[in-house]
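The values are calculated or read from the model by the stated rules, or taken from the named source; none is laboratory data. Keep in mind that what you see is a predicted model, and the values were worked out from it rather than measured. Backbone-built Cβ (ideal geometry, glycine too); neighbour counts: all protein chains shown. The accessibility values were calculated without ligands, DNA or RNA, using every heavy atom of the protein model including side chains. Shrake-Rupley method; radii C 1.70, N 1.55, O 1.52, S 1.80 Å.
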Amino acid sequence: MEKEILIFGHKNPDTDSICSSIVKERLNEKNGYNNSKAVRLGNINQETQYVLDYIGIEAPELIEKVEEDQKVILVDHNEFSQSVTGIENAKIIEVVDHHRIANFETLDPLYYTARPYGCTATILFQDFKAKEFEIDKEEAILMASAIISDTLLLKSPTTTKHDKKALEELGKIAKINIEEYGLEMLKAGTNLDDFTAEELINIDAKSLDKNGNKFVIAQVNTVDISSVLKRQEVLEGAIQNAINENGLDLFVLAITDILNSNSELIVLGNKSNAVEKAFNKKLENNRVFLEGVVSRKKQLLPDIDKNM
Ligand code: MN
Ligand code: MN
């Protein structure tokens, strides 16, 4: 039977979006629904590639758009600005997500699971538990990797007790040392040398909309902020192009030090003062350093959004 329901995470997919799509497909199968298929909306980043190579599985198929009335399941996002081209006319039958709900509307009733956890995979883990399904080693590594990625090894303030509990149990099932595996996996995603400036600002960029004000908050992980800042000039060139091409009011690039849990922001656009107001700090050379800030969802987006 042809798989007719597509499961996918957001554009510029991260490890949670990819791993949770794959796990959701398997969960559906365990529930007796064999007609859904994980796909992806963009390139696999290096961190996620590390996970897929570790397990030895292929990435889900890439799709560019969906046809009218295509049945879809969204994981790890709900905002249409972060979803597939054609989402407005697709038939969303289910959402499993851990983000704010914004710019989202459907014609028909749907299943919607929203839990304010650190990771979509934690919600899926609880679904396995609720149904008393066995979790195999591969599934455990997929979910553990997503949780490690989204919570930066449980150090992000988005981390909840549910993520901790899930990761601990998944680590046992997978028989991996979470600290060791997690650090290797996170580090795999910090090699930014091979990316052009344009690619770098799109590795993990989220498009947002506040009453018609369009803005982007992009984030890259590193173990050395200063090595990324060496390229500030060309990065700003790429950011300015993105602003011009997409009519953006603001572009924020967060360069996050995953070892010391800090971020430096590069900020451009006519609404740059939204960032200054959000953190009560002046930009210097289009930059601001934020101590202890690692989470876009919890520490950047809400305050910036409020000031847009
Ligand atoms: Mn995500
Ligand atoms: Mn996520």
So how much accessible area does residue 85 have, in Å² to the nearest 10, using a 1.4 Å probe? 80 Å²
For 125, 104, the accessible-area ranking with a 1.4 Å probe, largest leading, is 104, 125
With residue 279 itself left out, Lys, Arg at +1 and Asp, Glu at -1 over residues whose Cβ is under 11 Å from its Cβ give 0
Can you give the accessible area of residue 112 in Å² (nearest 10), computed on protein heavy atoms with a 1.4 Å probe? 70 Å²
Give me the three principal axis extents of segment 197-305 from the C-alpha atoms, as integers in angstrom, largest value leading. 36, 27, 23
Antiparallel DSSP beta bridges within the chain, percent to nearest 5: 40 percent
Ranked order, 111, 54 - accessible area, probe 1.4 Å, largest first: 111, 54
Calculated P(r) of the chain - Cα pairs past 31 Å, %: 27 percent
Do any trypsin sites (Lys or Arg not before Pro) in segment 99-150 lie in a loop, going by DSSP, with at most 10 other beta-carbon atoms within 10 Å of their beta carbon, and if so which? none
About the Cα centre, charge dipole magnitude for the chain (Lys/Arg +1, Asp/Glu -1 at Cβ), debye: 1000 debye
Net charge, residue 166 excluded, C-beta distance under 14 Å - Lys, Arg +1, Asp, Glu -1: -1
Expressed as a rounded percentage, what relative contact order does segment 160-308 have, with Cα pairs under 8 Å and six or more residues apart? 18 percent
Just read off the accessible area of residue 185 with the full protein assembly in place, 1.4 Å probe, to the nearest 10 Å². 0 Å²
By the gyration tensor of its Cα atoms, with a ≥ b ≥ c the square roots of the eigenvalues, what is the shape of segment 143-249: rounded for a/c under 1.5, prolate for a/b over b/c, or oblate? oblate
Between segment 154-171 and segment 1-49, what is the C-alpha centre distance in whole Å? 22 Å
So with the 1.4 Å probe, I'd like the accessible area per residue for the chain, rounded to whole Å². 46 Å²
On the accessible surface of the chain, probed at 1.4 Å with all protein chains in place, carbon and sulfur together account for a percent value of 45 percent
Starting from segment 197-299, pick out the trypsin sites (Lys or Arg not before Pro) whose DSSP state is loop and whose Cβ has at most 13 other Cβ atoms within 10 Å. 230, 281, 282
Quotient of Cα radius of gyration and Kirkwood radius for segment 5-187, i.e. Rg/Rh, equals 0.94
